[in-house]
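One structure is given below, encoded as structure tokens.
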Amino acid sequence: MHIGCPTEIKPQEFRVGLTPNAAFEAVNHGHTVTIQSGAGNGAGFTDADYTEAGAAIVGTAAEVFEKADMVVKVKEPQPKERKMLREGQILFTYLHLAPDPEQTKDLMESGATCIAYETVTDDRGGLPLLAPMSEVAGRLAPQVGAWTLQKANGGRGVLMGGVPGVGPARVLVIGGGVVGTHAARIAAGMGADVTVLDRSLPRLRYLDDTFGGVFKNGYANAGNTIELARQADMIIGAVLIPGAAAPKLISRAQLSELKPGAALVDVAIDQGGCFETSKATTHEDPVYDVDGIMHYCVANMPGAVARTSTIALGNATMPFMLALADKGWRQACEDDPHLLNGLNVHAGNLTYYAVGKALGIDVLSPSLALKA
Ligand SMILES: NC(=O)c1ccc[n+]([C@@H]2O[C@H](COP(=O)([O-])OP(=O)(O)OC[C@H]3O[C@@H](n4cnc5c(N)ncnc54)[C@H](O)[C@@H]3O)[C@@H](O)[C@H]2O)c1
């Protein structure tokens, strides 16, 4: 198969769909790989890294789209890219179609077969191509929160680990899933005094069994939340109710009960945020102040560490990318129902029920699409 990878053109996106190592594996499997010149620059990969891996370099995205049987990307295709997709071509990338009728219409009109990273599943009910980005955002949260706590950045002027004779920062993590667990581990590793709240008792049991000596945990009711929030120097929002907007767990009125200069890091901002005063910010201007409380609300946190994020995403996508290339999308999806769950659009049809429901579009069952 001919696999193509263009440079990402969405603003502030520095990741790339194929790492040189993924390109090398694909070439070793007998496939041809074409990369747009400069596609890896934002993640620290040069054209030479790709040619060494056996890939060909071309100057434009148009050449990549023209040559490729399968286009591998990171972000949803932008309008310009959607025009270059064609019937029978495979697109493998994040799509997030439910809130995006324009993109959905364009992808259906393209005739391409579009497999979305975010809906591929695994045996444990997880989302294996979303998890690496939650791991990154979770581990980044205490790092950016620590920066926000510095006096010059508007924070309380508290050091995460304290020093001998001075206690550490107190960190409250609300939501103990992938983001929350990784955030808590890093905050504890920085020496902070950390508590994680969650609503799921099985999850709290897991956290207690696995990390009992590293950080504390508690049940996330409103009383516990505000009590611990009052004592916290940093609060990390990491809740998720799948398919729904994030619940608002700290109101504007409650900000006056927090410590002045406390840092709120709302990782759940991509689902609307879990603090009433959260609004999405960018890496250029990540932090703002409401009533003396510093808010960090960047919706694409992994972009700040594009190299780590690219490699982490590539590790997760590579087995699926190779299966698609080795077997063709039909056989690969027939053999692996989790990959079939990634099928969102095929040959003019929408094939993912939740997107159809959100956008009011009829859906062709993915198993019928396999036979179409
Ligand atoms: N900003 C970014 O760049 C970025 C990057 C990755 C993920 N995210 C977001 O981070 C959030 C968390 O993702 P995740 O992968 O950890 O999800 P997850 O499903 O692994 O974990 C979510 C946890 O929240 C808990 N929860 C739900 N409602 C709660 C409540 N009211 N109080 C306390 N806990 C509650 C659940 O029990 C679960 O354990 C999501 O909104 C995700 O989209 C943002």
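Worth pointing out:
- Elements of the type strands (runs of 3 or more DSSP E) sitting completely within segment 179-257 and holding at least 2 residues that are within 15 Å of the ligand (Cβ to nearest atom), modelled with pLDDT of 95 or more and closer than 14 Å to Gly145 by Cα: these cover 234-237.
- The set of residues in segment 100-132 being part of a loop (DSSP other than H, G, I, E, B) and either within 14 Å of Glu81 (Cβ to Cβ) or of a type in the set (Gly, Ala, Ser) (or both) consists of Asp100, Gly111, Ala112, Gly125, Gly126.
- Listed by first and then second residue, the pairs with beta-carbon distance under 8 Å, at least 6 apart or on different chains, first residue in segment 347-372 and farther than 20 Å from Glu87 by Cβ, second among the acidic types (Asp, Glu), are Gly356/Asp362.
- Failed condition for Glu102, given (1) more than 21 Å from Leu339 (Cα to Cα); (2) buried (at least 16 other Cβ atoms within 10 Å of the Cβ); (3) free of Cβ contacts under 8 Å to residues at least 24 places away in the same chain: (2)
- Subset tally (residues that are without any contact (Cβ under 8 Å) to a residue 12 or more places away in the chain and closer than 16 Å to Asp266 by Cα) for segment 163-210: 0
- In segment 29-82, the residues that are assigned to a strand (DSSP E or B) and of a type outside the set (A, V, I, L, M): Thr32, Thr34, Gln36
- Filter result (more than 9 Å from the ligand (Cβ to nearest atom), in a loop (DSSP other than H, G, I, E, B) and small (Gly, Ala, Ser)) within segment 150-178: Gly154, Gly155, Gly157, Gly161, Gly162, Gly165, Gly167, Ala169
- A search for C-beta distances below 8 Å between a residue of segment 124-135 that is charged (D, E, K, R) and at pLDDT 95 or above and any residue that is part of a helix (DSSP H, G or I) and more than 9 Å from the ligand (Cβ to nearest atom), counting only pairs 6+ apart in sequence or on different chains, returns Glu135/Ala312.
The values are calculated or read from the model by the stated rules, or taken from the named source; none is laboratory data. Small disclaimer: the values here were computed from a predicted structure and weren't measured. Reconstructed Cβ throughout: ideal geometry from the backbone, glycine too, with neighbour counts over all protein chains shown.
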